[in-house]
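The values are calculated or read from the model by the stated rules, or taken from the named source; none is laboratory data. Keep in mind the model is a prediction, meaning the values are calculated, not measured. Backbone-built Cβ (ideal geometry, glycine too); neighbour counts: all protein chains shown. With ligands, DNA and RNA removed, areas are computed over all heavy atoms of the protein, side chains included. Shrake-Rupley method; radii C 1.70, N 1.55, O 1.52, S 1.80 Å.
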Amino acid sequence: MRGFYDGDGEFAVRFSPNLAGCWTYQISSPLSELRRESLMRVLPVADGQHSPVKATGPRRFSYANGSDFYPVGTTAYAWAHQGAAMREATLRTLQQGPGRAFNKIRFSVFPKWYSYNHEEPPSQLYPYEGRPPSGWDFRQFDPTFWRQFETLIGELRGIGVIADVILFHPYDHGHWNFDCMGGDASGAEYNLSNDIHYLRYAIARLGSYSNVWWSMANEWDFIRCKSQGLPTETAWGKDAQAASAPTWDALFAVLDEEDAHQRETSIHNAKVLYNHSKPFIDHVSLQGLQRATLAIAERYGKPVIWDEVGYEGDLPEQWGALTGVTAADRFWWAASLGAYAGHSECILQTSVSSDEQRWLWWSRGGSLQGSSALRILWFREYFTHQVPTPHRLQLEDANHFTGCAGRALVANASFALFHFRERGMCTLSLPQLPQGYTLRVTLLHWWTMTRTILFENASNGVMIPVGQFGHRLPCNIELQSVQTMQQ
């Protein structure tokens, strides 16, 4: 483990052991007073605490103890750069009400300068010593910011939420120059020294937290100073993957070497996919390309998370104008493809004109205003308590039906879940069941958050109404075999 300076004459080394028992440790340093060797006793994980989460299969995430983790994420990019009241409100939202839907939150180390977010953070909420907006010393970190940032990660750990830490992003536009600390895009060669210095410090401070995931960058291909030579856009196919990204490859090499805990790692695309076949990337953090999900998952053999599918909101920009219906439906759609989805919210306060006061969850956190989070909570509870081992469900087209288009998740003959993409009437062709079993057909109306048993002893050729029950929405049908009661 690399140590770090924590200000006020304090140095620290952080380590998260993976086994209980007695450990020997040794600290080396050019300063003789910091050198030592001793023992420490490590206790078992306390009740209510969670071990780290990693991708453990093409469609599976697991805690270190082997139990399943089903990621249901949200995004609040700059909530760590808000005042104390806003930060506390964000944590409360994740603990109670619809915000309990989310067990993962994506947010950035660096502040954000972007639409609906054009103001300086409060004082001492910058990673570096210096003076805003551009008078920074990229070799000198501000321990006050980092202590607050890691405190938030610790608070998230306490409520069972993954901190998906975004290490770089393009939402700077030269205002602070945090995105391009090694030169602009016109330079013949990008200087990595400041970025490497930053990565080493961030990993040393944060990597021991068991709930940390690393996102190397959000919309990595939009950070042009680090992405020289990339095409501006590609469609999924033979050229969708970046052929070469030497600056990012070098930064990943640093992350891989420095992170002795080997936390879950990803990189998020805008128009161009990074080469996810690299061994140091654990899952695909996807924006767009939803209809290519099956091909992407097959190519890389790693879980796929739709971390950005657009946001529920009323912005004039398309990316922030999903209805609550569409935002919630994304989770069922992703699940029908063996993927996972993410959420955020961009609902304007029309009575407020100032960016500083007109907060959006997507940027600043705070509280949720939309209608999708409650339905996503119902989705998460269904998939974690009602669906048998979701990562083991087979994927297939809904060919048990005629008259409707959809996707199916099937577990042998005992359970099947169908997600429909259109309304109508469908004819159900039932599978053969063993003697002593009958089939129960249940409609899952995820908007009203209700389950309605349509047939208890179904037979072939039954008609299934899709998207009825008082709301003009597609819906889901669950088939489950039920053992006949014997006297």
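Worth pointing out:
- Per residue, the chain exposes 44 Å² of accessible surface when a 1.4 Å probe is rolled over the protein heavy atoms with every protein chain present.
- When the Cα gyration tensor is reduced to axis lengths a ≥ b ≥ c, the ratio a/c is 1.5 or higher for segment 1-83, and with a/b not above b/c it is classed as oblate.
- Relative packing of 150-157, 265-272, which averages over residues the other C-beta atoms within 10 Å, highest first: 265-272, 150-157
- Between the Cα long axis of helix 246-258 and the first principal axis of the chain there is an angle of about 90°, rounded to the nearest 10.
- Degrees between helix 84-95 axis and first principal axis of the chain (Cα, 0 to 90, nearest 10): 30
- Prolate is the label for segment 40-143. Its Cα gyration tensor axes, ordered a ≥ b ≥ c, give a/c of at least 1.5 and a/b above b/c.
- Overall Cα dimensions of the chain, principal axis frame, Å, largest first: 79, 56, 46
- Annotation: extensible slack from Asp137 through Glu456 equals 107.9 nm (criterion: 0.36 nm per residue apart, minus Cα-Cα distance).
- Per atom type, the chain shows carbon and sulfur on 49% of its accessible surface, probed at 1.4 Å.
- Toward the positive end of the charge dipole of the chain, with +1 on the Cβ of Lys and Arg and -1 on the Cβ of Asp and Glu, the farthest Cα among Pro303, Ala373, Ala408 is that of Ala408.
- Distance (nanometres) between label positions extended 7 Å along Cα→Cβ at Asn65 and Trp23: 1.9
- Cut-off under 5 Å, modelled amide H: who pairs with His343 long-range: Gly73, Thr74, Thr75
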